[in-house]
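The values are calculated or read from the model by the stated rules, or taken from the named source; none is laboratory data. This is a predicted model, so every value here is computed, not measured. Please note: Cβ atoms are built from the backbone with ideal geometry, for glycine as well, and neighbour counts cover all protein chains shown. Areas reflect the complete protein model, heavy atoms only, side chains present, ligands, DNA and RNA absent. Shrake-Rupley method; radii C 1.70, N 1.55, O 1.52, S 1.80 Å.
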Amino acid sequence: MSNEDIQKGLAEIVEEVAGVEAADVTVDKSFVDDLDIDSLSMVEIAVQAEDKFGVKIPDDELANLKTVGDAVNYIASNA
Amino acid sequence: MTSNNDVVVTGLGATTPLGGDVASTWDALLAGRSGVTPLVGGFAERFDLPVRIAARLAVEPTEVLPRVEARRLDRCEQVALVAARQAWADAGIGDGDVDLERLGVVIGTGIGGAMTLLDQDDLIEAGGLRKVSPLTVPMLMPNGPAAHVGLDLKARAGVHAPVSACASGAEALAWAWRMLKSGEADVVVAGGAEACITTITMAGFIQARTMSTRNDDPERASRPFDVNRDGFVLGEGAGILVLEREDFARARGARIYGKLAGIGTSSDGHHITAADPEGIGQSRAIAKAIQVAGVDKADVGHVNCHATSTPVGDVIEPLAVRRAVGDHPVLTAPKGNHGHLLGASGAVEAITTLLSVRDGIVPPTLNLDDQDPRVQLEVVTGEPRKIDLIAAVNNSFGFGGHNVSLVFTQA
């Protein structure tokens, strides 16, 4: 799966969980500072991403995923 | 008599089995319509429940709330938010009109987020811990409806959630009244919310032998004070009122519906589900509310009853009314129309009691064809009754022996 496909899939999850328009979920955006996603929603997003991409995202890794790009790269290298 | 710290009502909101707002609910009550419908399929069929009727919301809260907001809320929180936003808009309080540190919220629920508890239990059974939503606790906690409304309004004088079963909504109004009287707040948004038409709540009520099984005639199933009543019909909904100190409301030029003139609470100390058969605790609550309101018993022309359509409960309340008020008030029992909204009922019925006082009209009790001879007071049936009211009482009683009476008067 390409990074573009991962980003697209992740953007769909973010839109479903947090109501952020998928088009706004770009690699340079911070989940907390730019997309206004709280810690509870981040857990939901991580669980849905695990199912969608077949990865494990442990809590200590989740804490490091500050931007959409961080998440895309993590998923790309661990899926 | 100084009137400036009297408690007035300036905003109303509701979503009920009769309608998605106060106006449609009130119109349905006056027109004698029922909100009870068949429960088809789902858990009722799967577990072969003997009760196949319920009073579900006329308007789904998910049709009103934004999708993402709705998915973070239990249904009881959704209805609270829907009704609270209506009430707040109705009160016409603009930005900056009230110091947020002087704005309180008190919203009760009898059960809380039962649907969330069941849904999340299904998820952990099927998929383990990781499937459980991180929002589970804020969705199922019984202070959730109050907390979410408090956040929505940024209320900072205190957010409270009384829990006293079917008296919760009325107790919330009593608590709000105290906050205003004690000077803790200038404005309090208060009421009740409930949405627990679920497997386990229905099964529990069925096992307690409290529900009507008149499945073949849903609209006739809830029949308070009728000799052929056989139990209550479970409903869902929310009622929210905006209460203010009178001087504050007058200073901002608010439209005033009427006064919450007095409150009275008591506890039976008798049994966990059954009311004291003589209604002593109930009459103490009514008498206290009238005394606190400072109205003459003779001026209490109407009682909006708790009467749920159970064989045992409906004959006790009239005894309490006669002891505390006398033989002159005319009664009505709106649960014949909208079923029993549990923790929301006291608030929704407070709204209709207040509208009765304001408009001088009492809705009829639906399905009261043959009045139980033990109910020795006049109950309005058939058509709405036009009656000039100085004051009216609204009663709510809950499992646990909680009794709450409210007295409403004209503005």
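Is it the case, given these coordinates, that B:V137 is under 19 Å from the mean Cα position of the chain (by Cα) and part of a helix (DSSP H, G or I)? I'd like the intermediate steps shown before the answer.
Numbers: under 19 Å from the mean Cα position of the chain (by Cα): no; part of a helix (DSSP H, G or I): yes.
For B:V137, the condition - under 19 Å from the mean Cα position of the chain (by Cα) and part of a helix (DSSP H, G or I) - is not met.
Do you know which residues across segment B:364-390 are more than 16 Å from B:R322 (Cα to Cα) and in a strand (DSSP E or B)?
B:Q371, B:R385, B:K386
Return the residue satisfying two criteria in turn: it lies in segment A:22-79 and is of a type in the set (S, T, N, Q) and part of a helix (DSSP H, G or I), and of such residues it is nearest to B:V68 (Cα to Cα). Break it down stepwise before answering.
Initial filter on segment A:22-79 (of a type in the set (S, T, N, Q)): A:26, A:30, A:39, A:41, A:48, A:64, A:67, A:73, A:77-78.
Keeping just the survivors that are part of a helix (DSSP H, G or I) gives A:39, A:41, A:48, A:73, A:77-78.
On the way: A:S39: 15, A:S41: 11, A:Q48: 16, A:N73: 27, A:S77: 30, A:N78: 29 Å.
Here the residue is A:S41.
Please verify whether A:S77 is more than 11 Å from the chain's Cα centre (by Cα), at the interface with chain B (Cβ under 10 Å from one of its Cβ atoms) and exposed (fewer than 14 other Cβ atoms within 10 Å of the Cβ), treating the condition exactly as stated.
Working: more than 11 Å from the chain's Cα centre (by Cα): yes; at the interface with chain B (Cβ under 10 Å from one of its Cβ atoms): no; exposed (fewer than 14 other Cβ atoms within 10 Å of the Cβ): yes.
For A:S77, the condition - more than 11 Å from the chain's Cα centre (by Cα), at the interface with chain B (Cβ under 10 Å from one of its Cβ atoms) and exposed (fewer than 14 other Cβ atoms within 10 Å of the Cβ) - is not met.
What number of residues within segment B:298-314 satisfy the criterion of being assigned to a helix (DSSP H, G or I) and either open to solvent by 10 Å² or more (accessible area, probe 1.4 Å) or of a type in the set (V, I, T) (or both)? Quick ask: steps written out before the conclusion?
Kept after step one, since they are assigned to a helix (DSSP H, G or I), are these residues of segment B:298-314: B:298-299, B:313-314.
Right, trim to either open to solvent by 10 Å² or more (accessible area, probe 1.4 Å) or of a type in the set (V, I, T) (or both) and you get B:298-299, B:313.
Final tally of qualifying residues: 3.
Considering only segment B:137-145, I want to know if a residue exists there that is over 26 Å from B:A251 (Cβ atoms), crowded, with 19+ Cβ neighbours inside 10 Å and of a type in the set (A, V, I, L, M, F, W, C).
Yes: segment B:137-145 contains one or more residues that are over 26 Å from B:A251 (Cβ atoms), crowded, with 19+ Cβ neighbours inside 10 Å and of a type in the set (A, V, I, L, M, F, W, C).
Of these, B:A23, B:A58, B:A28, which one is over 25 Å from B:H160 (Cα atoms), at pLDDT 95 or above and not in a helix (DSSP H, G or I)?
Values: B:A23 fails: not in a helix (DSSP H, G or I); B:A28 fails: not in a helix (DSSP H, G or I).
The match here is B:A58.
Considering each of B:I197, B:I272 in turn, give the residue that is more than 18 Å from B:A350 (Cα to Cα), open to solvent by 40 Å² or more (accessible area, probe 1.4 Å), aliphatic (A, V, I, L, M) and out of contact with any Ser or Thr (no Cβ under 9 Å at 6 or more places or on another chain). Reasoning before the result, please.
Numbers: B:I197 fails: open to solvent by 40 Å² or more (accessible area, probe 1.4 Å).
After applying the criteria, what remains is B:I272.
Per-residue answers, yes or no, for (1) in contact (Cβ under 8 Å) with a residue 24 or more places away in the chain; (2) more than 14 Å from chain A (Cβ to nearest Cβ); (3) part of a helix (DSSP H, G or I):
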site: B:V68; (1), (2), (3): no, no, yes
site: B:A87; (1), (2), (3): yes, yes, yes
site: B:G94; (1), (2), (3): no, yes, no
site: B:V106; (1), (2), (3): yes, yes, no
site: B:G110; (1), (2), (3): yes, yes, no
site: B:M115; (1), (2), (3): yes, yes, yes
site: B:Q120; (1), (2), (3): no, no, yes
site: B:R130; (1), (2), (3): no, no, yes
site: B:S133; (1), (2), (3): no, no, no
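Among the residues of segment B:315-354, write down those that are part of a helix (DSSP H, G or I) and open to solvent by 10 Å² or more (accessible area, probe 1.4 Å).
First, pick out the residues of segment B:315-354 that are part of a helix (DSSP H, G or I): B:315-324, B:335-338, B:342-354.
Those that are part of a helix (DSSP H, G or I) and open to solvent by 10 Å² or more (accessible area, probe 1.4 Å): B:V315, B:L319, B:R322, B:R323.
Identify, from the list B:L49, B:L73, B:L39, B:L29, the residue that is within 18 Å of the chain's Cα centre (by Cα) and touching a residue at least 24 places away in the same chain (Cβ under 8 Å). First the steps, then the outcome.
Numbers: B:L49 fails: within 18 Å of the chain's Cα centre (by Cα); B:L73 fails: within 18 Å of the chain's Cα centre (by Cα); B:L39 fails: within 18 Å of the chain's Cα centre (by Cα).
After applying the criteria, what remains is B:L29.
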